[in-house]
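Here the structure is laid out as structure tokens; the discussion comes afterwards.
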């Protein structure tokens with residue numbers, strides 16, 4: 001397992017495509033090999049690309065097959081390095097920067113980075129517990145220095161939940177895009193990420209009242225954000241991050257970018273293993289094509 005964030009150690013470990021394929025193979029077949037076609041377990045390993053050749057039906061499966069590295073056309077070593085950059089670089093990096101640094105097209109960079117973000121999305125199995133703060137914000141367009149919710153249809157509306165640890169610091173954070181501020185829209189982040197045993201704090205917005213029938217919600221006046229300082233710090237950070245790294249974010253893709261932000265925040269105390277965990281997720285995930293990513297605008 002590769003640990004750490006040292007770029008020289010990384011390049012020494014993954015010095016060529018074969019070393020990267022070996023790493024993928026160890027993860028993919030960590031519990032043993034079974035032929036995808038006939039289920040036979042005996043196989044031969046091809047030296048050139050470490051693919052498994054079934055001894056019964058001779059179906060050949062590469063370490064990248066049926067993973068998010070499937071059909072990567074610019075080299076698996078470049079792909080590994082992009083994953084390392086996206087997991088280890090705290091402030092993130094744009095697809096244009098990746099394209100320039102790795103001599104690939106901007107579209108190719110953008111597509112692969114969305115595949116990585118797809119692996120960064122929460123499994124929604126580890127619900128937030130203890131003290132949780134919830135609020136909404138908007139992103140995009142001109143910011144107005146006024147309190148209250150914006151109903152501007154051009155802005156992207158987002159609800160955020162922050163779980164605090166015993167010291168009142170951010171432990172985890174998740175985001176969800178919403179169409180409006182109704183209870184029907186707001187309840188989505190509760191169902192996906194918040195335990196019904198959690199102690200949830202929101203402001204006095206009426207949209208949270210119906211949700212309090214199922215969740216333990218306390219509503220307090222926002223007092224210009226002072227009642228939920230950690231949450232509003234996260235909102236400020238994610239807005240600043242998106243504005244400084246990305247020139248524009250499509251509304252249908254914004255949750256993917258927010259998942260990237262959450263992934264790094266939520267694993268900030270596990271930085272030594274963040275790259276390995278992300279590679280594991282990419283191996284276990286199903287292929288994600290350009291056609292599945294693009295949005296008609």
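The values are calculated or read from the model by the stated rules, or taken from the named source; none is laboratory data. These numbers come from a predicted model, not from an experiment. In this analysis, Cβ positions are derived from the backbone assuming ideal geometry, glycine residues included, and neighbour counts consider all displayed protein chains.
Observations on the structure shown:
- Residue satisfying all of: in the stretch 28-48; under 31 Å from the mean Cα position of the chain (by Cα) and crowded, with 18+ Cβ neighbours inside 10 Å; nearest to residue 284 (Cα to Cα) among these: 28
- Being in contact with a helix residue (DSSP H, G or I) (Cβ under 6 Å, 6 or more places away or on another chain), free of Cβ contacts under 8 Å to residues at least 60 places away in the same chain and in the same structural domain as residue 280 (by TED's automatic domain parsing) is a description that applies to residue 102.
- Count - residues of the stretch 262-273 that are in contact with a helix residue (DSSP H, G or I) (Cβ under 6 Å, 6 or more places away or on another chain) and surrounded by fewer than 19 Cβ atoms within 10 Å (Cβ to Cβ): 1
- All conditions in (1) in contact with a helix residue (DSSP H, G or I) (Cβ under 8 Å, 6 or more places away or on another chain); (2) in a helix (DSSP H, G or I) hold for residue 184, with the sole exception of (1).
- Sole exception among (1) without any contact (Cβ under 8 Å) to a residue 60 or more places away in the chain; (2) within 13 Å of the chain's Cα centre (by Cα); (3) farther than 25 Å from residue 190 by Cα for residue 243, by number: (2)
- Residues that are in a helix (DSSP H, G or I), in contact (Cβ under 8 Å) with a residue 24 or more places away in the chain and exposed (fewer than 15 other Cβ atoms within 10 Å of the Cβ), drawn from the stretch 190-232: 192, 210
- Qualifying residue in the stretch 210-217 (condition: in the same structural domain as residue 136 (by TED's automatic domain parsing) and at positive phi): no
- Residue in the stretch 276-286 that is loosely packed, with under 13 Cβ neighbours inside 10 Å, over 14 Å from residue 117 (Cβ atoms) and not assigned by TED's automatic domain parsing to the domain that holds residue 80 present: no
- Hey, residue 51 surrounded by 14 or more Cβ atoms within 10 Å (Cβ to Cβ), in contact with a helix residue (DSSP H, G or I) (Cβ under 9 Å, 6 or more places away or on another chain), modelled with pLDDT of 95 or more and assigned by TED's automatic domain parsing to the domain that holds residue 85 or not: yes
- Only one of 270, 257 that is in a helix (DSSP H, G or I) and without any contact (Cβ under 8 Å) to a residue 40 or more places away in the chain: 270
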